[in-house]
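Please read through the structure below; I'll follow up with questions.
The values are calculated or read from the model by the stated rules, or taken from the named source; none is laboratory data. In this text, all values refer to a predicted model and were calculated from it rather than measured experimentally. For neighbour counting, all protein chains shown are included, and Cβ atoms are generated from backbone atoms with ideal geometry for every residue, glycine included.
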Amino acid sequence: MKHSIFPNKIFKGRYLLYIFLLAAGFLVGGLVFHSPDSQKGKPSGTPVAEKATIWTCSMHPQIRMPEPGKCPICGMDLIPLVQNGGQTDENGVHLTREAAALANVMTTAVSKQNPVKEVRLYGKVLADERLLQSQVSYFSGRIEKLYVNFTGETVRKGQPLGLIYSPDLITAQQELLESAETKQMQPEIYEAAKEKLHQWKLTDNQILQIEKTGKTIDNFEVEATTSGVITSRFVNTGQYVSQGAVLFQVADLSHIWVIFDAYENDLPYINKGDKISFSIQAVPGKSFEGTVSFVDPVMDPVTRVAKVRVEMFNPDGELKPEMFATGVIKAGISGHGSSLVIPRSAVLWTGKRSIVYVKQSGTEEPVFQMREIELGPSLGESYVVVNGLSEGEEIVTSGAFSVDAAAQLEGKKSMMDH
């Protein structure tokens with residue numbers, strides 16, 4: 001049976017037609033998309049690849065990953081690392097204005113000042129040692145009666161303190177009476193008898209009274225030799241005392257001392273003649289002022305402090321011994337006149353290093369850079385800067401820890417770096 005070849009010729013013709021049309025389509029498309037008109041609006045030159053996002057851990061900022069995932073240390077979700085495009089300093093810490101406000105970040109311009117150090121001292125009121133006197137018995141005898149029976153009692157000079165019966169004093173009075181009868185013939189014996197009574201603190205009037213009456217005094221009055229307050233009592237009625245025994249301790253409180261304790265690091269700023277203002281806890285709302293009259297040249301080996309004395313006039317007895325006092329001396333710093341001074345809150349300490357954050361100028365939003373500085377003497381709430389800052393630079397004085405925390409999260413230099 002014979003087959004016609006006409007259908008096969010028709011199929012081959014259609015097949016060749018399809019291939020021709022497909023090739024023509026590719027050719028026309030290439031001409032269209034590569035024509036100059038089709039390139040309009042496209043940037044010339046080599047295209048710049050966008051900066052890839054880096055992923056880090058909020059707890060371990062040293063972790064850097066090109067893709068999101070889990071922290072290999074703690075397993076927390078990684079977060080995108082905030083990168084400050086366009087920053088000239090790669091270690092600068094960028095904060096938005098809103099973030100700086102929420103973190104309470106405040107800055108202050110560095111300026112030169114005449115540094116004044118406030119030295120705070122603590123101490124108490126004491127009696128003036130030069131006005132302390134011991135009331136003693138100038139002859140031996142027995143205490144027959146005491147007119148002053150308790151400590152704290154005020155006495156005045158010449159006031160009787162008690163009665164003493166003294167056999168020795170009776171014998172001395174008898175010798176005076178006997179020598180008075182022969183004083184014309186033996187004046188030396190008479191004068192010696194009077195001098196003996198003078199040594200026992202009998203006055204001329206008392207001796208004259210003994211001569212006039214011709215009788216001895218059995219119980220002799222002991223008189224106060226100074227005015228003041230009885231601070232100690234050492235005898236009781238009926239007690240026998242020997243010559244020179246202390247009966248009472250008397251303190252004149254019209255002048256007092258205020259003794260402060262000064263530690264070693266404060267001593268270079270304290271000198272004789274410095275003005276000091278102090279307050280007394282027992283007298284609230286009142287400030288006292290005095291002058292340093294003495295600085296102890298020897299330190300206490302146990303407490304490691306030296307005593308600083310202030311002398312005060314105390315006519316009405318307002319200041320009493322053992323009252324606690326708090327004093328402040330404002331001392332100039334020698335060798336640091338007109339120096340840079342910064343607040344204490346601006347400084348971050350990392351062992352031996354002192355760090356501040358300096359605000360960069362010429363940026364739209366706050367950018368801070370960590371800087372290590374060298375500090376001088378402490379002024380209480382501020383410090384003298386020896387090296388590392390210049391006048392007019394703006395530093396963070398509040399919220400420095402927040403800025404440092406942001407630097408750690410961004411992987412920038414921070415106080416934790418060596």
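Determine, yes or no, whether E311 is surrounded by fewer than 18 Cβ atoms within 10 Å (Cβ to Cβ), of a type in the set (D, E, K, R) and at pLDDT below 95. First the steps, then the outcome.
Numbers: surrounded by fewer than 18 Cβ atoms within 10 Å (Cβ to Cβ): yes; of a type in the set (D, E, K, R): yes; at pLDDT below 95: no.
Judged against the criteria, E311 is not a match.
Here's a follow-up. Looking at the structure I just gave you, is S277 hydroxyl-bearing (S, T, Y), out of contact with any Leu (no Cβ under 8 Å at 6 or more places or on another chain) and without any contact (Cβ under 8 Å) to a residue 24 or more places away in the chain? Talk me through it step by step, then tell me what you get.
On the way: hydroxyl-bearing (S, T, Y): yes; out of contact with any Leu (no Cβ under 8 Å at 6 or more places or on another chain): yes; without any contact (Cβ under 8 Å) to a residue 24 or more places away in the chain: no.
So S277 fails the test.
May I pose another question? I'm trying to understand the selection: among the residues of the range 103-121, which are assigned to a loop (DSSP other than H, G, I, E, B), of a type outside the set (A, V, I, L, M, F, W, C) and farther than 29 Å from F278 by Cα? Write out each step before concluding.
Going residue by residue through the range 103-121, those that are assigned to a loop (DSSP other than H, G, I, E, B) are 103-105, 110, 114-115.
Okay, now just the ones that are also of a type outside the set (A, V, I, L, M, F, W, C), so 104, 114-115.
Once the filter is applied, which keeps residues that are assigned to a loop (DSSP other than H, G, I, E, B), of a type outside the set (A, V, I, L, M, F, W, C) and farther than 29 Å from F278 by Cα, the range 103-121 yields only N104.
Among the candidates R156, R120, single out the residue that is at pLDDT 90 or above, touching a strand residue (DSSP E or B) at 6+ places or on another chain (Cβ under 7 Å), among the basic types (K, R) and exposed (fewer than 14 other Cβ atoms within 10 Å of the Cβ).
Values: R156 fails: touching a strand residue (DSSP E or B) at 6+ places or on another chain (Cβ under 7 Å).
Testing whether each residue is at pLDDT 90 or above, touching a strand residue (DSSP E or B) at 6+ places or on another chain (Cβ under 7 Å), among the basic types (K, R) and exposed (fewer than 14 other Cβ atoms within 10 Å of the Cβ) leaves just R120.
State all residues of the range 123-153 that are under 14 Å from A251 (Cβ atoms), surrounded by 14 or more Cβ atoms within 10 Å (Cβ to Cβ) and β-branched (V, I, T); if no residue qualifies, say none.
Scanning the range 123-153 gives V125, V148.
Further, regarding this structure: Please determine whether any residue of the range 172-190 is aromatic (F, W, Y), surrounded by 14 or more Cβ atoms within 10 Å (Cβ to Cβ) and closer than 21 Å to G244 by Cβ. So that I can check it myself, show each step before the final result.
At the first step, the residues of the range 172-190 found to be aromatic (F, W, Y) are 190.
Filter once more, so that each one left must be surrounded by 14 or more Cβ atoms within 10 Å (Cβ to Cβ): 190.
From what is left, the residues that are closer than 21 Å to G244 by Cβ are none.
Taking every residue of the range 172-190 in turn, none turns out to be aromatic (F, W, Y), surrounded by 14 or more Cβ atoms within 10 Å (Cβ to Cβ) and closer than 21 Å to G244 by Cβ.
Are any residues in the range 338-376 in contact with a His (Cβ under 8 Å, 6 or more places away or on another chain) and under 16 Å from S111 (Cα atoms), and if so, which ones?
The one that is in contact with a His (Cβ under 8 Å, 6 or more places away or on another chain) and under 16 Å from S111 (Cα atoms): G376.
Looking at the range 364-394 only, could you name the residues that are more than 15 Å from Q113 (Cα to Cα) and touching a residue at least 40 places away in the same chain (Cβ under 8 Å)?
Passing the criteria: E365, P366, V367, F368, Q369, M370, E394.
I want to confirm something. Restricting to the range 361-382 and keeping residues that are among the small types (G, A, S) and in a strand (DSSP E or B), which single residue is surrounded by the most Cβ atoms within 10 Å (Cβ to Cβ)? Before you say what the answer is, go through the steps one by one.
At the first step, the residues of the range 361-382 found to be among the small types (G, A, S) are 361-362, 376, 378, 380, 382.
If we keep only those that are in a strand (DSSP E or B) too, we end up with 376, 378, 382.
Details: G376: 17, S378: 14, S382: 19.
Only one residue tops the list, namely S382.
Cβ-Cβ below 8 Å, separation at least six or inter-chain, first residue in the range 187-215 and farther than 20 Å from T225 by Cβ, second among the polar types (S, T, N, Q) and outside any helix (DSSP H, G or I): which pairs?
Listed pairs, sorted by first residue: I189/T182; Y190/T182; I210/T216.
Given the conditions (1) touching a helix residue (DSSP H, G or I) at 6+ places or on another chain (Cβ under 9 Å); (2) of a type outside the set (A, V, I, L, M, F, W, C); (3) surrounded by fewer than 16 Cβ atoms within 10 Å (Cβ to Cβ), which single one is not true for Y357?
(3)
Is there any pair linking a residue in the range 339-360 that is assigned to a helix (DSSP H, G or I) to one that is aliphatic (A, V, I, L, M) and surrounded by 20 or more Cβ atoms within 10 Å (Cβ to Cβ), with Cβ under 6 Å and at least six apart or on different chains, and which?
A346/V356; A346/I395
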